[in-house]
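Asks: The structure's right below; bear with me while I get my questions together.
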Amino acid sequence: MKIDFDKYKPRLKELLKRYHVDLSISPTHCFNKGGHKHGDANPSLQIFDDSFKCHGCGIHGDIYDAVGILEGITRQKAQYEFVEKLFGGGVSVQPVEQQFNKEGRGKEEAKFQPDAGVCKKLEEYLRKNKAAPEMIKRFLDDRAQATTNYGISEYPSDVEKYIVEQLMYWPGLAEVRKDFGNDNLKKIGVPLVNPNTGYSLWDHSGVVMRLGAGYKLHYYETRYCKSCKKRKGCEKKPVAANPQNPYCRACEKRNTKCGRTFPMPDTIDAGKPVIIVEGEMNALSCRAIGIENLFAAGGAYGLTGPVVKQHLMEAPEIIIFFDADGAGRKAAGLEPFDGDDERKTNIPQIIQKTGYAGKIRIAELPPASETGYTDQDGLIIAGRRDVVLKAVEEAKEYKGASAPERKTAKRTEGTFWKAYESISIERLKDL
């Protein structure tokens, strides 16, 4: 039977209300908690009648995409069935109510701290898995092929060797739970099975990387082709869709509870210049080619004022080394913001506002029109590590404008009574 995906699209707002998304303001706080490590303090999510878009983390789509993010359901048919149960008269499915603090993060999530001892035991357990080397290499091969549009089948051997040592293999929740136990998984924030859906965000096997706090699961899966207009399987013949791979592949990423990228992959040497890139795989690839004291921020705006104050105030120099796409260049201060951009403050300005006294430099990648790639990982896979190393060597000091001053209400000087000149004396006497 053909599924009518258009049937429930107009009910997006009803779905989001059930997850306690505040629809009274626009933009509102984003529901993609894993995409805002700093909390969506400046609301960035726009919600329309049948679609949504976050200008902070970039998520967008319809009611089914929202279900995929909120419930971790990646199969199209399963997303539809979940919505059908909510609105189609089937079994009632109620999301768990959660209170949020002023940063838009769940109160329970904000205070959660993973158990360090259990984390160590988990890593030891995962590294003993005999399938780990093969499965991690398979993931990296998938990534190399997807990044280069199937032009290159694998990472350079020296880069691959380094990254394999940094990653761990996750055989799937069912197997780990059997060996490791639910209680231990709870202590490190691994999401267990949602009783309403029967799914866990970590059901799938994949590779795990250690973050600045917590862990992130990566895995590739078959998806509908993005070039197809309708939400169903690729309408082209498989070979026509992709001669090298009969499926449309996409990488899924899932954090543990309260997982935060910065600073990964290890600890900061505050006595040396610190280099900041956007993504975790960019950080690992750059480390593999010998760039030291380099860390992933967890996105173009993962480096916030509080993060700088906590980790970077003593560093003699901070080098911002972001992607060559529009978002990365604007965040790095290489391009001005557009009139319709939600953000108006770039990362160098955020650093300046903390009172950081060191030097801020910007490393600039060439445009993708010249190299074919927008980030360090893609360039390194393609054998262009020279471009990456040159960008760091030629990083230039930030000379842009400081952050715009916030407008504050004008205060009236004078006596107490003059300070309330807009209110009558008689009214004040009645207070």
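Asks: About the Cα centre of segment 274-351, what is the dipole size in debye to 20, counting +1 per Lys and Arg Cβ and -1 per Asp and Glu Cβ, all else neutral?
Replies: With only Lys, Arg, Asp and Glu charged at Cβ, the dipole is about 200 debye.
Asks: Moving on. Relative to the compact-globule scaling 2.2 N^0.38 Å, provide the ratio for the alpha-carbon radius of gyration of segment 286-388.
Replies: Working: Rg = 14.2 Å, N = 103, 2.2 N^0.38 = 12.8 Å.
Its radius of gyration relative to the 2.2 N^0.38 Å reference: 1.11.
Asks: Suppose R0 equals 25 Å. What FRET efficiency, 1/(1 + (r/R0)^6) with r the Cβ-Cβ distance, do Lys17 and His60 give to the nearest 0.05?
Replies: Here the calculated transfer efficiency is 0.85.
Asks: Now a separate question. Mind scanning Lys257/Lys330; Lys137/Lys253; Lys9/Lys187; Lys120/Lys353; Lys121/Lys253; Lys53/Lys186 and naming the pairs with a C-alpha gap bigger than 27 Å?
Replies: Long pairs (Cα-Cα over 27 Å): Lys257/Lys330; Lys9/Lys187; Lys120/Lys353; Lys53/Lys186.
Asks: Still on this model: Based on the Cβ-Cβ distance of Lys77 and Asp269, what FRET efficiency does E = 1/(1 + (r/R0)^6) give at R0 = 41 Å, to the nearest 0.05?
Replies: On the way: r = 50 Å, r/R0 = 1.21.
For Lys77 and Asp269, the calculated efficiency is 0.25.
Asks: Let me ask another. Considering only C-alpha atoms, what is the centroid distance from segment 316-360 to segment 204-218, in Å?
Replies: 27 Å
Asks: For segment 251-332, which whole percent of the accessible surface, found with a 1.4 angstrom probe, sits on carbon and sulfur atoms?
Replies: Within segment 251-332, the accessible surface is 47 percent carbon and sulfur.
Asks: I would also like to ask the following. When you count, for each residue, the other Cβ atoms within 10 Å and take the mean per peptide, how do 23-31, 255-263 rank with the highest first? Walk me through the numbers before you get to the answer.
Replies: Details: 23-31: 16.0, 255-263: 22.8.
Packing proxy ranking, top to bottom: 255-263, 23-31.
Asks: I would also like to ask the following. Any chance you could check the Cα centroid distance between segment 144-187 and segment 262-281 for me, in angstrom?
Replies: 21 Å
Asks: Mind pulling up the Rg/Rh value for segment 143-217? Radius of gyration and Kirkwood radius, both on Cα.
Replies: 1.07
Asks: Can you list, bin by bin at 10 Å, the percent of alpha carbon pairs in segment 242-334, starting at 0?
Replies: Per 10 Å bin, starting at 0, the Cα pair percentages come out as 15, 43, 29, 10, 3, 0.
Asks: Using a Förster distance of 30 angstrom, determine the FRET efficiency expected from the C-beta separation of Ser153 and Glu123, and round it to 0.05.
Replies: 0.55
The values are calculated or read from the model by the stated rules, or taken from the named source; none is laboratory data. Computed from a predicted model, the values in this text were never measured in an experiment. When we count neighbours, we look across all protein chains shown, and the Cβ atoms used for this are built from the backbone with ideal geometry, even at glycine. Heads up: the accessible areas ignore ligands, DNA and RNA and are worked out on the full protein's heavy atoms, side chains in. Shrake-Rupley method; radii C 1.70, N 1.55, O 1.52, S 1.80 Å.
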